[in-house]
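First the structure, in the form of structure tokens, and then the observations on it.
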Amino acid sequence: MDTDSNRKIVMMIGPTGVGKTECAYFLAKALDGEIVSIDSRYLYRGMDIGTAKPSLKMRETVRHHLVDVADPDEDWSLAVFLEKVYESLEEIFSRGKLPIFVGGTGQYYRAILEGWQPPPVAPNAQLRAILERWLRPLQPHERLCNLRKLDPEAASVIDPRNLRRMVRAFEVTLLTGIPFSKQRKGAPIPYRTFIVGLSLPRNELYERCDQRIDRMFQEGWVNEVKTLLNQGYSSDLPSFSAIGYREIAAYLQGLISMDEVITQIRRRTRTLIRRQANWFRPNDPQIHWFVASETAYREIQQTVEQWLAHPCPLNET
């Protein structure tokens, strides 16, 4: 069994719609790897089209971890996610494969890379109910304004539309008196890590995402949401905070038009891309950036192969 310092992992990050899923799939096939999803929306069964999950063919060809592991009404905390990540890592290493993490959820990326240990604060149902009643009717900028007073750092990275995360930030801070962002205790993971970043010019990325949104509707996104609602899942569930699901649910309930749905989805997608830049910074020396394209796949493969053969840790190269 290799020591931790000899174990190697690859992480592929970047904004939504840039092509991480396809590139990671190519890399896993070329390097005998297995993929670990660090996308918070890939967890949920039945939410396939709107989350742009890897296809069944991809998952049959290359083993994927942390995809379709929860029902939409299951609440996966960061602590549960990290526990499953380390279980997946042990499975992959035991088979002698290369773990390739891929996804756009910045919190998951940082939690793995920096070895976060989620705050040891048990959920307080009464306080959560109070916080939800207070925060739910507020506009996103109003939620951020209130959080900024308690924890400016948390306010800079938490999506104010993610009610569950907003509630947790307030809950932990109020119960402990310590800002939520200051409680990410931990140590860097004890594995050699190579981080690949995929990028595109912002306007090109917006155009790609618009085209992808159109394809999602053509592939049956509305029916996917209708099926979930018919199965009894509420659009108020945290899983429905994934872009597009609540908007389509509102359309199915006759509350907004399809034009409004598409406008809101495109707007939220652009906002997500801008917020992801706070997690995946272009000037981060740990990230090896590549302009996304099919021709870049081979270059990425060669770069990772060279790193795998190098005996020094990443921070000494």
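The values are calculated or read from the model by the stated rules, or taken from the named source; none is laboratory data. What you see is a predicted model, and the numbers here were worked out from it, not measured in a lab. When we count neighbours, we look across all protein chains shown, and the Cβ atoms used for this are built from the backbone with ideal geometry, even at glycine.
Below are the figures for this structure:
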| quantity | calculated |
| --- | --- |
| Which numbered condition residue 127 fails, given (1) in contact (Cβ under 8 Å) with a residue 40 or more places away in the chain; (2) touching a Pro at 6+ places or on another chain (Cβ under 6 Å) | (2) |
| Within segment 102-140, tally of residues that are aliphatic (A, V, I, L, M), part of a helix (DSSP H, G or I) and exposed (fewer than 13 other Cβ atoms within 10 Å of the Cβ) | 2 |
| Set 142, 153: member being of a type outside the set (A, V, I, L, M, F, W, C) and within 24 Å of residue 236 (Cα to Cα) | 142 |
| Tally of residues being closer than 15 Å to residue 12 by Cα and among the small types (Gly, Ala, Ser) across segment 59-109 | 3 |
| Enumeration of residues in segment 221-242 that are in contact (Cβ under 8 Å) with a residue 60 or more places away in the chain and under 22 Å from residue 107 (Cβ atoms) | 237, 238, 239, 240, 241, 242 |
| Number of positions in segment 243-264 that are in contact (Cβ under 8 Å) with a residue 40 or more places away in the chain and surrounded by fewer than 19 Cβ atoms within 10 Å (Cβ to Cβ) | 1 |
| In segment 124-134, the residues that are closer than 12 Å to residue 166 by Cα and either touching an Asp or Glu at 6+ places or on another chain (Cβ under 7 Å) or at pLDDT 95 or above (or both) | 128, 131, 134 |
| Subset of segment 142-159 [acidic (Asp, Glu) and either over 20 Å from the mean Cα position of the chain (by Cα) or under 12 Å from residue 180 (Cα atoms) (or both)] | 142, 151, 153 |
| Within segment 56-94, considering residues that are in a loop (DSSP other than H, G, I, E, B) and modelled with pLDDT of 95 or more, the one surrounded by the most Cβ atoms within 10 Å (Cβ to Cβ) | 66 |
| Test result for residue 162, loosely packed, with under 15 Cβ neighbours inside 10 Å and in contact with a helix residue (DSSP H, G or I) (Cβ under 7 Å, 6 or more places away or on another chain) | no |
| Residue that is farthest from residue 273 (Cα to Cα), among those in segment 146-157 that are of a type in the set (A, V, I, L, M) and surrounded by fewer than 22 Cβ atoms within 10 Å (Cβ to Cβ) | 150 |
| Restricting segment 258-308 to residues that are modelled with pLDDT under 90 and part of a helix (DSSP H, G or I), the residue that is farthest from residue 206 (Cα to Cα) | 295 |
| Search result, residues across segment 130-141 that are within 23 Å of residue 182 (Cα to Cα) and either of a type in the set (Ser, Thr, Tyr) or free of Cβ contacts under 8 Å to residues at least 40 places away in the same chain (or both) | 132, 135, 140, 141 |
| Search result, residues across segment 17-49 that are under 15 Å from the mean Cα position of the chain (by Cα) and at positive phi | 17, 19 |
| Residue in segment 40-52 that is crowded, with 18+ Cβ neighbours inside 10 Å and among the β-branched types (Val, Ile, Thr) present | yes |
| Those residues of segment 186-245 which are assigned to a helix (DSSP H, G or I), farther than 19 Å from residue 273 by Cα and β-branched (Val, Ile, Thr), in sequence order | 222, 225, 227 |
| Single unsatisfied condition, residue 99 versus (1) part of a helix (DSSP H, G or I); (2) crowded, with 19+ Cβ neighbours inside 10 Å; (3) modelled with pLDDT of 95 or more | (1) |
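Conditions (1) in contact (Cβ under 8 Å) with a residue 60 or more places away in the chain; (2) not in a helix (DSSP H, G or I), marked per residue:
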{"residue": "144", "(1), (2)": "no, no"}
{"residue": "153", "(1), (2)": "no, no"}
{"residue": "159", "(1), (2)": "yes, yes"}
{"residue": "166", "(1), (2)": "no, no"}
{"residue": "178", "(1), (2)": "no, yes"}
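Conditions tested, residue by residue: (1) in contact (Cβ under 8 Å) with a residue 12 or more places away in the chain; (2) under 11 Å from residue 103 (Cβ atoms); (3) part of a loop (DSSP other than H, G, I, E, B).
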| site | (1), (2), (3) |
| --- | --- |
| 26 | yes, no, no |
| 34 | yes, no, no |
| 39 | yes, yes, yes |
| 46 | yes, no, yes |
| 49 | yes, no, yes |
